[in-house]
Amino acid sequence: MDQKKQEKVIIFDTTLRDGEQAPGASMNQSEKLDIAYALEKMGVDIIEAGFPVISPGDFDSVKMVAKHIKNSTVCGLARCVPKDIDAAYEALKDARRARIHVFIASSRIHMEYKLKKNPEEVLAMAIDSVKRARGKIEDIEFSAEDATRSEKDFLYKLIEEAIKSGARTVNIPDTVGYIMPAEYGQLIQGIINNVPNINKAVVSVHCHNDLGLGVANSLSAIKNGARQVECTINGIGERAGNASMEEIIMALRTRADYYGCGTNIETKEICRISRLVSKYTGFAVAPNKAIVGLNAFRHEAGIHQDGVLKERTTYEIMRPEDVGFFETGLILGKHSGRHAFKERLKILGVELKDEELNKAFERFKNVADKKKEVYDEDLIAIVEDEVKVFDKVWTLAKLSSKTATNTKPKVEAVLKAKGKVYKKTGTGDGPVDACYKAIESIVKMKGELLDYSIHSVTHGQDALGEVTIKVKLNGKTIVAHGTSTDILEASAKAYINAINKLLALEIAK
Ligand code: KIV
Ligand code: ZN
């Protein structure tokens, strides 16, 4: 398809707002900023950074993203009440490009039971709020929450009045993931045909995935005239999540012949940001997840492998490199030098400062000693494990464990902090429990382990294992990771990383 003839679809990312509303997905400020930078780098048009009135933490995150992001518009969410709009403005006022996103529910069920307001009151609140926001900032988006279960005539009127009051984007959310793709397409067409001033605004869509239709619904809306799509990386979000950005972008690109629309997104950044979001939220990406799953480009059946070797397009509709997907390839071993290590990281899009490179290289040598073959995924895991944005207070020096049938496992942990060495032994229900008890008695903290998972970074018996934990420490929920060829060591590292993260947060206060 001729790129010039394509109409542009605006990509509005809400990973940091609706995505973070997924139970257990909370991220700290530096993680949010990392994600915002990655979204900006990939060319996302609008980054919804949070809901400023909801908590001081959300307010500060939006303010911080607004201060640092220059190329994307930064957006803050607000209900149709003055204090929300004022908080959104305060958080956004330093942004180079800012948008306030105001919303109010328009379905009978939400108006009656949640808002306890009649339609006239809701209409008045929407008008006042859009005007108030527009008095502060040019770029205003209005959302009719639960639009897909709203009475059409009321929805048309609400949208018309929001546009008259100054909204330049009108969003039609499928808040509860209820609508079907063809029906949603008709709803969008109905809005375009029945709202008299619709040509003054961009029609936006925002789909939830309760029936697994978030992406299909978004695409159907685009086919029928919507020109902004709200989505999240890896599809994270409330309940079953939001429509997944990577799937929408690649559908538009792969089937440009059908949609006639394109985006500004640099698709080669997709896998990197997917991995980042998964790491910070602790939400693993399923191997069969479209576009970013580990198996998304792997061919197992002999007939398929044979076909791909003869002609790639027999079984591949997208090129893995176009989404930044790198296939596991044997690349480095224990004889590889610093230069090769640095060059390979560069190819993987990782550039490190000298000091970071030293740390990562030292760890690489240790891993290469234990593991003959070091794959790209191992390298990424090593870098993510070793190179942190904060200084590590505690490091693991040694672990030794004793386990036998019918006896409680015992683990001795040796940790270092500020040049001093600390040693303690713990017993527990299993080796990981014993290890965590030993660590806790050294650092003098008690944590509540909320979630623990392990996956192998690459394959084979000597694969690096990555442990991800979610732990409550001093009232804060922290997600942390640790990698090693030894599971107990990976578990210990994850716990120590969580403790270091907590200390970094407390120091930053
Ligand atoms: O799902 C929804 O309706 C929302 C709105 C606030 C846009 O997230
Ligand atoms: Zn939503």
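Just a few scattered comments:
- Diffusion coefficient (Stokes-Einstein, Kirkwood radius over C-alpha pairs, 25 °C, 0.890 mPa s) for the range 395-508: 171 µm²/s, rounded to a whole number.
- Reported to the nearest whole Å, the Cα centre-to-centre distance from the range 440-509 to the range 172-222 is 41.
- In units of the compact-protein estimate 2.2 N^0.38 Å, the range 252-402 shows a Cα radius of gyration of 1.26.
- Only Lys, Arg (+1) and Asp, Glu (-1) charged, at Cβ; the range 326-384 dipole about Cα centre in debye: 300
- The stretch between Gln186 and Arg255, if pulled fully straight at 0.36 nm per residue, gains 22.8 nm over its current Cα-Cα span.
- Aspartates and glutamates with Cα under 19 Å of Lys131, excluding same-chain neighbours fewer than 8 positions away: Asp84, Asp86, Glu90, Glu120, Glu121, Asp139, Glu141, Glu145, Glu160, Glu161
- When Rg and Dmax are taken over the Cα atoms of the range 1-145, they come to 16.0, 51 Å.
- Farthest towards the positive end of the charge dipole of the chain, among the residues Ile382, Ile303, Leu92, is the Cα of Ile382, using unit charges on the Cβ of Lys, Arg, Asp and Glu.
- When Rg and the Kirkwood radius Rh are both evaluated on Cα atoms of the range 111-266, their ratio Rg/Rh stands at 0.97.
- Taken about its Cα centre, the range 384-482 carries a charge dipole of roughly 680 debye when the Cβ of each Lys and Arg holds +1 and the Cβ of each Asp and Glu holds -1.
- The range 326-384 - percent of accessible surface contributed by carbon and sulfur, probe 1.4 Å: 49
- When you filter the trypsin sites (Lys or Arg not before Pro) in the range 225-259 for DSSP loop state and at most 13 other Cβ atoms inside 10 Å of their Cβ, you are left with Arg239.
- For the chain, the solvent-accessible area of protein heavy atoms averages 46 Å² per residue (probe radius 1.4 Å; ligands and nucleic acids excluded).
- Stokes-Einstein D for the range 87-137, Kirkwood Rh over Cα pairs, 37 °C, 0.692 mPa s (µm²/s): 268
- Mean projection area, nm², convex hull over Cα of the range 3-280: 13.0
- Segment Glu311-Asn264, length gained on full extension (0.36 nm per residue, minus Cα span): 14.0 nm
- Percent carbon-and-sulfur accessible area, the range 3-280, ignoring ligands, DNA and RNA, probe 1.4 Å: 49
- Too-long pairs where the Cα-Cα distance tops 21 Å, listed order kept, from Lys416/Lys470; Lys279/Lys420; Lys279/Lys501: Lys416/Lys470; Lys279/Lys420
- Computed label-point distance, nm, for sites Asn358 and Lys472 using a 7 Å Cα→Cβ extension: 4.1
- Members of Lys268/Lys476; Lys359/Lys472; Lys32/Lys446; Lys424/Lys476; Lys289/Lys424 lying beyond 32 Å, as alpha-carbon distances in this model show: Lys268/Lys476; Lys289/Lys424
- Lys136 versus Asn199: modelled label distance in nm, points set 7 Å from Cα along the beta carbon direction: 3.3
- Annotation: the antiparallel percentage among DSSP beta bridges lying fully within the chain is about 50.
- Cα-derived Rg to Rh of the range 191-264, Kirkwood definition: 0.99
- For the pair Ala240 and Leu211 in one chain, pulling the backbone fully straight at 0.36 nm per residue adds 9.6 nm over the alpha carbon distance.
- Rg(Cα) / (2.2 N^0.38 Å) computed for the chain, rounded to two decimals: 1.06
- In this Cβ point-charge picture (+1 for Lys and Arg, -1 for Asp and Glu), the chain has a dipole of about 1500 debye about its Cα centre.
- Kirkwood-Stokes translational diffusion coefficient of the range 128-207, alpha-carbon pairs, 20 °C, 1.002 mPa s, µm²/s: 170
- Label-to-label distance, nm, for residues given as Asn366 and Lys8 (7 Å Cα→Cβ offset): 4.8
- Whether the range 326-384 is rounded, prolate or oblate, judged on the alpha carbon gyration tensor where a/c under 1.5 counts as rounded: oblate
The values are calculated or read from the model by the stated rules, or taken from the named source; none is laboratory data. What you are looking at is a predicted structure, and each value in this text was computed from that prediction instead of being measured. In this analysis, Cβ positions are derived from the backbone assuming ideal geometry, glycine residues included, and neighbour counts consider all displayed protein chains. Protein only, heavy atoms only, side chains kept; ligands, DNA and RNA dropped before computing areas. Shrake-Rupley method; radii C 1.70, N 1.55, O 1.52, S 1.80 Å.
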